[in-house]
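Input: a single structure, listed below in structure tokens.
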Amino acid sequence: MPNDRPIDARPPIAAHPPIGVFDSGVGGLTVLAALCARLPHEQFVYLGDTARLPYGIKSADTVVRYALQAADVLVRRGVKALVIACNTASAVALPALTERYGALPLMGVVEPGAAAAVAASRSGQIAVIGTEATVRGGAYQRAISRRQPHARIRAVACQLFVALAEEGWTEGPIARATAERYLSALVPRASAPAADAVAGFVADTLVLGCTHFPMLRGAIREVMGESVRLVDSAATTAEATQVLLQAQGLLRPASADSVAARSAACASDAARVRLLATDGAERFAAVGSRFLGRGIAPSEVELVDL
């Protein structure tokens, strides 16, 4: 862990401080959209570390250092809670974040996703797809096994999905061929290699262990088939965050902001969300619009230096 002085993470004194959300880039905007829908009266500050993405191919030490620096920025802005909307950072850096910011409520995406996968699986055969660092770190595997010790888990790194999602190549022959290459072994068919058939692993639940991957849901569904349950941790993370804040008495009252109350449906109210990035406001706006589900103007994106 870096030796720099820990940030003072005591609860802020502002009447209605925002919730901080961070990711290595724009993928976490899917989590932000779910949070906005689930918590219509809250305000948010989102940081995408676009200058240093992707985290998924970095070493564990580097991911921890980057995650702490990103969280520092949000804590200095007086957030009342931190949501780590990055599977890699949740899988690798959550212990270090907890150690530094123990006074703040912290929520990653791994634990809610694992809980949802166990609840969804009928056979206990669960597949996880994620970045190289997420799969290598084994956080999903451990979280699932804690809840279901007899579960059979197979994890596959699907790094190219990240680039496809950011380029907008989420449908068509390229997306389908990439999904087939990564995922076909998870649902062995008559034409599958004998080794997979002998292993007897046929996933009935697939965890989308990267915030970019829901963008390729159609191609993934084509390969996995209709019977396999897809678990997207964005919605489960938003639900878990609501429960956590409610338990600590930190939810913003519905009557606090009538304008926010009227914008309950989604993240369309730009006044509720402050967007920060470490590089490329124009690209953040262009790519992030697809992930957030609404248009983002480059002028909405504030550049910060970590």
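What pairs come up if the first residue lies in the range 140-160 and is assigned by TED's automatic domain parsing to the domain that holds I220, the second is modelled with pLDDT under 95 and among the basic types (K, R), and their beta carbons are under 8 Å apart, counting only those six or more places apart or on different chains?
Hits for this filter: A157/R136.
Determine which member of the set G137, G130, G168, G108 is modelled with pLDDT under 95 and buried (at least 23 other Cβ atoms within 10 Å of the Cβ).
The conditions single out G130.
Take the residues in the range 249-293 that are touching a Pro at 6+ places or on another chain (Cβ under 6 Å) and surrounded by fewer than 16 Cβ atoms within 10 Å (Cβ to Cβ), then tell me which one is modelled with the lowest pLDDT.
The extreme case among them is A264.
Quick check, is A96 over 20 Å from L245 (Cα atoms) and modelled with pLDDT of 95 or more?
It is true that A96 is over 20 Å from L245 (Cα atoms) and modelled with pLDDT of 95 or more.
Give just the number: which of (1) over 20 Å from V228 (Cβ atoms); (2) modelled with pLDDT of 90 or more does Y182 not satisfy?
If we test Y182 against (1) over 20 Å from V228 (Cβ atoms); (2) modelled with pLDDT of 90 or more, just (1) comes out false.
Is there a residue being of a type in the set (D, E), part of a helix (DSSP H, G or I) and touching a strand residue (DSSP E or B) at 6+ places or on another chain (Cβ under 7 Å) anywhere in the range 129-139?
Yes, there is a match, as at least one residue in the range 129-139 is of a type in the set (D, E), part of a helix (DSSP H, G or I) and touching a strand residue (DSSP E or B) at 6+ places or on another chain (Cβ under 7 Å).
Which one is nearest to S289 (Cα to Cα) among residues in the range 46-93 that are in contact with a strand residue (DSSP E or B) (Cβ under 9 Å, 6 or more places away or on another chain) and free of Cβ contacts under 8 Å to residues at least 40 places away in the same chain?
L53
With respect to V79, is the statement that it is over 11 Å from the mean Cα position of the chain (by Cα) and either more than 22 Å from L251 (Cα to Cα) or surrounded by 23 or more Cβ atoms within 10 Å (Cβ to Cβ) (or both) true?
Taking the combined requirement at face value, the residue satisfies it.
The values are calculated or read from the model by the stated rules, or taken from the named source; none is laboratory data. Just so we're clear, the structure is a prediction, and the values are computed from it rather than from any experiment. All Cβ positions, glycine included, derive from the backbone under ideal geometry; neighbour counts span all protein chains shown.
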